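Asks: First, the structure itself, so that you have it in front of you.
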Protein chains: 2
Amino acid sequence: MKLTKTAEYALRILIFMAKKPDQLYTAKQLVEELNVSDKYLRRLMTDLSKSGFIRSVQGRDGGYIFTKGTDKIFLFDIVHSVEGMDKLNGCVLGFEKCSCTNPCAMHDTWEHVRDELNKVFRQTSLANMDFEKILRY
Amino acid sequence: MKLTKTAEYALRILIFMAKKPDQLYTAKQLVEELNVSDKYLRRLMTDLSKSGFIRSVQGRDGGYIFTKGTDKIFLFDIVHSVEGMDKLNGCVLGFEKCSCTNPCAMHDTWEHVRDELNKVFRQTSLANMDFEKILRY
DNA sequence: CATAAATACTACCAATAAGTAGCATATAAA
DNA sequence: TTTATATGCTACTTATTGGTAGTATTTATG
């Protein structure tokens, strides 16, 4: 019951970048600040670029930079792109037939958790972070 | 962001058994009702026995039965025993140093989710299930 | 144009979770 | 005491996630 490492990393990286959202960040810099292995981070950055949150600037003096305002990027979008929020929104007991009209024995109980989680992820953007708090490893 | 299959299975099984909590259930019966592979379920049953929720009756006419009232078994205990609730209660960004006194940038936001989840898992026992809802696969 | 400093891509390796197979053990009852 | 019907244990296989290595590509600058 937790995010995948990949989702954790994606959030770490983008939240870190969001403190100074107009800056260009190199992979090297991010690897040093956050505790993510070099190659894995680079691959993740490529994925995040393809998802449209950032774009890469290749060649010397290259790096990564946001493609849009951080207030337009919600945690939901990030987690969804790297691990699929569907995971959360499926039946907690894994019953395929479970739905609101044909709920499982935990459906109503679980709904409170699901709602809270969706709310937090959908309402929180990269601009709403506590940037004075821990951002790096 | 979801339970492991093992936790899903454990909940499925125990919730199913909780409908008639004084009955003895065989692995065969549970395998047929719930969609869990035979050997995997048996191993899980042994784990759940060792954790003290149920006990096994070996030999012919054997099976599994609760060791205590279902109102004494909380979802928290079950999930904790098979996958560790620590997972949820760690920092959402995976920062080891993160704590209430030295929080990460998402700490306060995430706390609402964590609290809701803990509340639901800690307050819901196997006696509080909607037994008229879907229980089987 | 050569070089340095950056990202991109592909293929492989490791760790963990999930699932399978086979044999051992226990016990009620004919 | 044999047999049928249960669970218990150990080792193996498979799938997924996380991580690594090496090479190719891009581009600013002397």
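The values are calculated or read from the model by the stated rules, or taken from the named source; none is laboratory data. Given the structure is predicted, the values throughout are model-derived calculations rather than measurements. Here the Cβ is made from the backbone with ideal geometry for all residues, glycine too, and neighbour counts use every protein chain on show. The area values use the complete protein model at the heavy-atom level, side chains included, leaving out ligands, DNA and RNA. Shrake-Rupley method; radii C 1.70, N 1.55, O 1.52, S 1.80 Å.
Asks: State the cysteines of the protein assembly as shown left without a partner when partners are defined as other cysteines whose beta carbon lies under 4.7 Å away.
Replies: A:Cys100, B:Cys100
Asks: Report, in order of residue number, the helices in chain A meeting two criteria: a C-alpha extent of 15 Å or more along the helix axis, and a mean Kyte-Doolittle hydropathy of at least 0.0; treat each whole DSSP H run as one helix.
Replies: A:5-18
Asks: Okay, moving on. From the P(r) of chain A, can you give the percent of Cα pairs sitting at distances over 20 Å?
Replies: Here the long-distance tail beyond 20 Å is 50 percent of all Cα pairs in chain A.
Asks: Let me ask something else about it. Roughly how crowded by other chains is peptide A:57-67, in terms of the mean Cβ count from those chains within 10 Å of each of its Cβ atoms? Walk me through the intermediate numbers first.
Replies: Details: counts 0, 0, 0, 0, 0, 0, 0, 0, 0, 0, 0.
Mean partner shielding for this stretch: 0.
Asks: Now for a separate question. Excluding same-chain residues fewer than 8 positions from B:Lys28, which lysines have a Cα within less than 30 Å of its Cα?
Replies: Within the straight-line cut-off, B:Lys28 pairs with A:Lys87, A:Lys97, B:Lys2, B:Lys5, B:Lys19, B:Lys20, B:Lys39, B:Lys50, B:Lys68, B:Lys72, B:Lys133.
Asks: Additional query: Treating the beta-carbon of each Lys and Arg as +1 and of each Asp and Glu as -1, no other charges, what is the dipole magnitude of the protein assembly as shown about its Cα centre, to the nearest 20 debye?
Replies: I would put it at about 700 debye.
Asks: Give the peptides A:52-63, A:74-85, B:93-104, A:100-111 in descending order of average Cβ contacts within 10 Å, highest first. List each step's numbers first, then the result.
Replies: Working: A:52-63: 13.1, A:74-85: 19.5, B:93-104: 15.7, A:100-111: 17.2.
With the highest mean Cβ count within 10 Å placed first, the list reads A:74-85, A:100-111, B:93-104, A:52-63.
Asks: OK, next. In Å², and per residue, what accessible area does region B:5-123 have when probed at 1.4 Å with the other protein chains present?
Replies: Dividing the accessible area of region B:5-123 by its residue count gives 50 Å².
Asks: What FRET efficiency do you get for A:Glu132 and B:Thr6 if R0 is 51 Å and r is their Cβ-Cβ distance, rounded to the nearest 0.05?
Replies: Approximately 0.80, to the nearest 0.05.
Asks: A further question on this structure: What is the average number of partner chain Cβ atoms found within 10 Å of a Cβ in B:127-134?
Replies: Average neighbour count from other chains, rounded to a whole number: 5.
Asks: While we're here: Would you work out what percent of the accessible area of the protein assembly as shown, with all protein chains in place, is carbon or sulfur (probe 1.4 Å)?
Replies: 45 percent
Asks: Dimensions of the protein assembly as shown along principal axes (Cα, Å, largest first)?
Replies: Over the protein assembly as shown, Cα extents along the principal axes are 73, 37, 30 Å.
Asks: Here is a follow-up. Have a look at A:Cys100, A:Leu88, A:Ser51 and report the one farthest towards the positive end of the charge dipole of region A:5-123, computed about the Cα centre with Cβ charges (Lys/Arg +1, Asp/Glu -1).
Replies: A:Ser51
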